[in-house]
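Working notes for the structure below.
The values are calculated or read from the model by the stated rules, or taken from the named source; none is laboratory data. The structure presented is a predicted model; accordingly, all values stated were derived computationally and were not measured. Heads up, the Cβs are rebuilt from the backbone with ideal geometry, glycines too, and the neighbour counts pull from every protein chain shown. These accessible areas exclude ligands, DNA and RNA; they are computed on the full protein's heavy atoms, side chains included. Shrake-Rupley method; radii C 1.70, N 1.55, O 1.52, S 1.80 Å.
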Amino acid sequence: ETTGAGDAFNGGFAAALAQGAAPLEAVRFGCATAAISVTRAGAAAAMPQLAEIEDLLARG
(Lines give C-alpha, C1' and ligand atoms only; values in the text may rest on other atoms or scores of the structure.)
Protein backbone atom coordinates (compact mmCIF):
# COMPACT_ATOMS: atom_id res chain seq x y z
CA GLU A 1 0.00 0.00 0.00
CA THR A 2 1.39 3.41 -0.93
CA THR A 3 -0.23 5.39 1.87
CA GLY A 4 2.58 7.17 3.69
CA ALA A 5 5.31 6.33 1.17
CA GLY A 6 6.20 9.98 0.64
CA ASP A 7 6.28 10.58 4.37
CA ALA A 8 8.51 7.53 4.79
CA PHE A 9 10.92 8.78 2.13
CA ASN A 10 11.05 12.29 3.58
CA GLY A 11 11.56 10.99 7.10
CA GLY A 12 14.32 8.62 6.07
CA PHE A 13 15.99 11.25 3.91
CA ALA A 14 15.88 13.87 6.68
CA ALA A 15 17.08 11.41 9.32
CA ALA A 16 20.06 10.40 7.19
CA LEU A 17 20.99 14.03 6.50
CA ALA A 18 20.70 14.81 10.21
CA GLN A 19 23.17 11.99 10.90
CA GLY A 20 25.67 13.53 8.48
CA ALA A 21 25.02 11.42 5.38
CA ALA A 22 25.94 12.82 1.99
CA PRO A 23 22.91 13.82 -0.10
CA LEU A 24 23.07 10.78 -2.41
CA GLU A 25 23.45 8.42 0.55
CA ALA A 26 20.48 10.14 2.20
CA VAL A 27 18.39 9.62 -0.94
CA ARG A 28 19.24 5.89 -0.90
CA PHE A 29 18.24 5.73 2.76
CA GLY A 30 14.96 7.51 2.04
CA CYS A 31 14.22 5.19 -0.86
CA ALA A 32 14.89 2.13 1.30
CA THR A 33 12.62 3.51 4.00
CA ALA A 34 9.80 4.07 1.53
CA ALA A 35 10.36 0.71 -0.18
CA ILE A 36 9.81 -1.12 3.06
CA SER A 37 6.80 0.99 4.01
CA VAL A 38 4.86 0.11 0.86
CA THR A 39 5.02 -3.58 1.73
CA ARG A 40 2.75 -2.97 4.72
CA ALA A 41 -0.74 -1.63 5.31
CA GLY A 42 -1.39 1.82 6.72
CA ALA A 43 0.82 4.82 7.20
CA ALA A 44 2.32 5.10 10.68
CA ALA A 45 2.12 1.35 11.26
CA ALA A 46 4.06 0.75 8.04
CA MET A 47 7.11 2.77 9.02
CA PRO A 48 10.18 0.52 9.30
CA GLN A 49 12.68 0.33 12.12
CA LEU A 50 16.27 1.45 11.58
CA ALA A 51 17.58 -2.12 11.61
CA GLU A 52 15.21 -3.07 8.78
CA ILE A 53 16.41 -0.18 6.63
CA GLU A 54 20.05 -0.95 7.31
CA ASP A 55 19.45 -4.63 6.46
CA LEU A 56 17.84 -3.74 3.12
CA LEU A 57 20.69 -1.39 2.23
CA ALA A 58 23.29 -4.00 3.20
CA ARG A 59 21.69 -6.51 0.81
CA GLY A 60 22.28 -4.03 -2.02
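In plain terms, the C-alpha convex hull of the chain casts an average shadow of 3.6 nm² when viewed from every direction. Here the Karplus curve 6.51 cos²θ - 1.76 cosθ + 1.60, taken at θ = phi - 60°, turns the phi angles of segment 7-12 into couplings of 5, 4, 4, 4, x, x Hz, with x standing for Gly and Pro.
Based on protein heavy atoms only, segment 5-58 ends up with 57 Å² per residue of surface accessible to a 1.4 Å probe.
Within the chain, the trypsin sites (Lys or Arg not before Pro) that combine a DSSP coil assignment with at most 16 other C-beta atoms in a 10 angstrom radius are R40, R59. Working note: Karplus 6.51/-1.76/1.60 with θ = phi - 60° gives segment 38-53 the couplings 6, 8, 10, 7, x, 10, 4, 5, 8, 5, x, 7, 3, 4, 5, 5 Hz, where Gly and Pro are set to x. Under the convention that each Lys and Arg Cβ holds +1 and each Asp and Glu Cβ holds -1, the size of the dipole of the chain around its Cα centre is about 60 debye.
In the chain, Cα pairs under 8 Å separated by at least six residues give a relative contact order of 38 percent.
From its DSSP helices (H runs of at least four residues, each -39,500 (n - 2.57)), the chain gives a residue-normalised ellipticity at 222 nm of -20000 deg cm²/dmol. For segment 5-58, what % of the accessible area comes from carbon and sulfur atoms, probe 1.4 Å? The value for segment 5-58 is 64 percent carbon and sulfur by accessible area.
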